[in-house]
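A short write-up of the structure that comes next.
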Amino acid sequence: MGGCKSYRFIFLYYALVKNKTKIKLRHYQQMDDKENYRERFIRWQAIAIEQRGKAMNVLLSLSLATIAFLANQIMNNHFQFKTICAEYFMGGGSFFLLSCIVITLLLHICRLKDFDQTKNIIKARIQHKPQTIIIPMQTENRSTGKLTKCGFNISVWCFLLGEIFVVIGLILQIKGKF
């Protein structure tokens, strides 16, 4: 970032001295501020995309780990549910965790589709295709992005409910009451 600014000022100096033209420095600084905000927006948008991907991977990993733990406990020869409530809570938690896994896998596919759509939009702009072609692509891309955000929220809620149900089921299993 710092190197770009020095090149801009070298260009400004060259334009003022060599060409003997007067450039309004104030206008140049406003342009620089707009570019700076644009660069910051792009950088933060990239960070947000990366963080959402990491969060989805964490949800997927923790859900799979909890399901594996429950499967291991149930496959144990000496395991028996002590209460019907523990069985229902663990079963309900397993259902929510399996839902979280399926939704998260679908979200990964949706994100790949979103990246592919974005690539096609950029390709169409580079090829100077008419807006009548680009606008439907952008509309579809926006709907895919909204679907991804909504699916991510549903996935988080399924994970939270699943973990809460499993923990309650384990507590009931340990206590052996109800």
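The values are calculated or read from the model by the stated rules, or taken from the named source; none is laboratory data. Keep in mind that this is a model prediction, so the values were computed, not measured. Virtual Cβ from ideal backbone geometry, glycine too; neighbours counted across all protein chains shown.
Some points to look at:
- In the range 47-68, the residues that are touching a residue at least 60 places away in the same chain (Cβ under 8 Å) form Cβ pairs under 6 Å with partners that are among the small types (Gly, Ala, Ser), at six or more places apart or across chains, as follows: Leu59/Ser155.
- Only one of the listed residues (Ile135, Ile121) is touching a helix residue (DSSP H, G or I) at 6+ places or on another chain (Cβ under 9 Å) and without any contact (Cβ under 8 Å) to a residue 24 or more places away in the chain. That residue is Ile121.
- So Ser155, is it among the hydroxyl-bearing types (Ser, Thr, Tyr) and touching a Ser or Thr at 6+ places or on another chain (Cβ under 8 Å): yes
- Residue check for Lys146: loosely packed, with under 15 Cβ neighbours inside 10 Å and over 18 Å from Gly53 (Cβ atoms): no
- Any hit, the range 131-144, residues being polar (S, T, N, Q), at pLDDT 95 or above and part of a helix (DSSP H, G or I): no
- Comparison of Thr118, Thr104 shows that the only residue that is in a helix (DSSP H, G or I) and buried (at least 18 other Cβ atoms within 10 Å of the Cβ) is Thr104.
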